[in-house]
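Everything below concerns the one structure shown next.
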Amino acid sequence: MDILSILAESTRSALGPIAAIYALAAVGLNFHFGYTGLLNFGQVGFMLVGAYGVGVSVAVFDLPLLAGFGVGLLCALVLALLLGVPTLRLRADYLAITTIAAAEVLRLVYRAGFAEPLTGGVYGLQNLASDFRTLNPFDGGTRYGVGALAYNGNHMWVLVVTWGLVALTVGLTWMLMHSPWGRVIKGVREDEEAVRSLGKNVFAYKMQALVLGGLIGAMAGCMLAVYQASIQPDQFKPQVTFFLWVILLLGGAGRVFGPVLGAMAFWFLMTFTDGVLKGFGSMGWLPFLSGPDYGAIQLAFVGLLLVLLIVFRPQGIIGDRKEMLINVK
């Protein structure tokens, strides 16, 4: 087992396009839970409608990619309103129940037979990135970087755009959280009644945070569709949302850079675990495991990591225990 190769590949994964996409989605979740205290267990639903906004627009209606992004964001706006209007005036757990159910219902609808003319059903949609690659300033046949951290031109273009979007949303987060709007949002998280007693419309602020976080999650779904050049409904299972929760809690909820650090650490650990397990398997140290078992062990590792975080460091790596705890609500 070559531990240096495993470390190099883990670092590559931590800096790669998937880590950037998950960081972007976790920034949106941070608006929901980290700053507003909204228990959204369906962030993957926003990613799904964003990805299929691009997919249906480009593959079915032959619209430009930019129009697909607009459709994806519009779908996320509608979804946020549909989820928020009936639930945000109620207790936090109603939103949690509604969001996880809505995300799973959307996945099943998008993969259903009657939706196949639009969504491709269980087979999904392909050939979604031609417009994006046309804008690629990098040479697709050239590798950029050094050693294990070298990426081909197509991946480099996705990296630049996606990490650029992460930087923009992180900057937006910083500006909003240092504005009067951000102070109200944090107040809603801490004590709704106190904010309401000051004459603030708590429902409106919650809705604004839900919409903003949902739009950022949809943008992550759009970039996932572009990166893969294809989408399929079963990519958007509930476990994606729980990965995002682990990322957010690992980095530190309620912190501007928490989702970014959490995404990088999470994908480093996931790739490292996978490499070590396969290394042990090739050496014959785990004869009772086969290839598919490694994925199950990875998921068990994610669950264990979440439990350990909640027990020993609920504020995350860079979080402030006094400001943000997992049991704030």
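The values are calculated or read from the model by the stated rules, or taken from the named source; none is laboratory data. Since the model is a prediction, treat every value here as computed from it, not as a measurement. Quick reminder, even Gly has a Cβ in these numbers, built from the backbone with ideal geometry, and neighbours come from all protein chains shown. These area figures cover heavy atoms from the full protein model, side chains too; ligands, DNA and RNA do not enter into them. Shrake-Rupley method; radii C 1.70, N 1.55, O 1.52, S 1.80 Å.
Could you say which residue among Gln239, Gln315, Gln298, Gln235 is farther than 19 Å from Thr169 by Cβ, part of a loop (DSSP other than H, G, I, E, B) and either within 20 Å of the chain's Cα centre (by Cα) or at pLDDT below 80 (or both)? Explain how you work it out, then say what you get.
Details: Gln239 fails: part of a loop (DSSP other than H, G, I, E, B); Gln298 fails: part of a loop (DSSP other than H, G, I, E, B); Gln235 fails: part of a loop (DSSP other than H, G, I, E, B).
Result of the check over Gln239, Gln315, Gln298, Gln235: Gln315.
Of everything in the stretch 164-221, what is polar (S, T, N, Q) and either at pLDDT below 95 or over 30 Å from Ala67 (Cα atoms) (or both)? Give them in sequence order.
Ser179, Ser197, Asn201, listed by residue number.
Which of the residues spanning the stretch 197-209 are assigned to a helix (DSSP H, G or I) and over 21 Å from Leu81 (Cα atoms)? Full working, then the answer.
Within the stretch 197-209, the first condition is being assigned to a helix (DSSP H, G or I), and the residues that meet it are 197, 202-209.
Once the filter is applied, which keeps residues that are assigned to a helix (DSSP H, G or I) and over 21 Å from Leu81 (Cα atoms), the stretch 197-209 yields only Ser197.
Which one of the conditions (1) out of contact with any strand residue (DSSP E or B) (no Cβ under 6 Å at 6 or more places or on another chain); (2) over 30 Å from Leu210 (Cβ atoms) does Met47 fail to meet, given that it meets all the rest?
So the condition that Met47 fails would be (2).
Listed residues Gly145, Gly164; which is without any contact (Cβ under 8 Å) to a residue 12 or more places away in the chain, surrounded by fewer than 19 Cβ atoms within 10 Å (Cβ to Cβ) and within 22 Å of the chain's Cα centre (by Cα)?
Residue meeting the stated conditions: Gly164.
Name the single residue, out of those in the stretch 4-13 being open to solvent by 10 Å² or more (accessible area, probe 1.4 Å) and in contact (Cβ under 8 Å) with a residue 24 or more places away in the chain, that is farthest from Gly217 (Cα to Cα).
Per the stated criteria, the residue is Ser5.
Got a sec? Which helices (runs of 4 or more DSSP H) wholly within the stretch 1-89 have at least 2 residues that are under 16 Å from the mean Cα position of the chain (by Cα) and under 19 Å from Trp157 (Cα atoms)?
By residue number, 3-14, 17-29.
Do any residues in the stretch 176-196 that are on the phi > 0 side of the Ramachandran plot have Cβ atoms under 8 Å from those of residues that are among the hydrophobic types (A, V, I, L, M, F, W, C) and open to solvent by less than 80 Å² (accessible area, probe 1.4 Å), where the two are at least six apart or on different chains, and which pairs are they?
So the pair list comes out empty.
In the stretch 62-95, which residue that is open to solvent by less than 60 Å² (accessible area, probe 1.4 Å) and free of Cβ contacts under 8 Å to residues at least 40 places away in the same chain is nearest to Leu118 (Cα to Cα)?
Going residue by residue through the stretch 62-95, those that are open to solvent by less than 60 Å² (accessible area, probe 1.4 Å) are 65, 67-73, 75-76, 79-80, 83-84, 87-88, 92, 95.
Checking the rest, the ones that are also free of Cβ contacts under 8 Å to residues at least 40 places away in the same chain come to 67, 70-71, 87.
Working: Ala67: 16, Gly70: 17, Val71: 14, Thr87: 30 Å.
The residue in question is Val71.
Let me confirm something: among Tyr94, Tyr144, which residue is farther than 21 Å from Ala25 by Cβ, of a type in the set (Ser, Thr, Tyr) and in contact with a strand residue (DSSP E or B) (Cβ under 7 Å, 6 or more places away or on another chain)?
Details: Tyr94 fails: in contact with a strand residue (DSSP E or B) (Cβ under 7 Å, 6 or more places away or on another chain).
The unique qualifying residue is Tyr144.
Within the stretch 125-132, is there a residue that is at pLDDT 95 or above and open to solvent by less than 40 Å² (accessible area, probe 1.4 Å)?
Going through the stretch 125-132, the residues at pLDDT 95 or above turn out to be 125.
If we keep only those that are open to solvent by less than 40 Å² (accessible area, probe 1.4 Å) as well, we get 125.
Yes: one or more hits.
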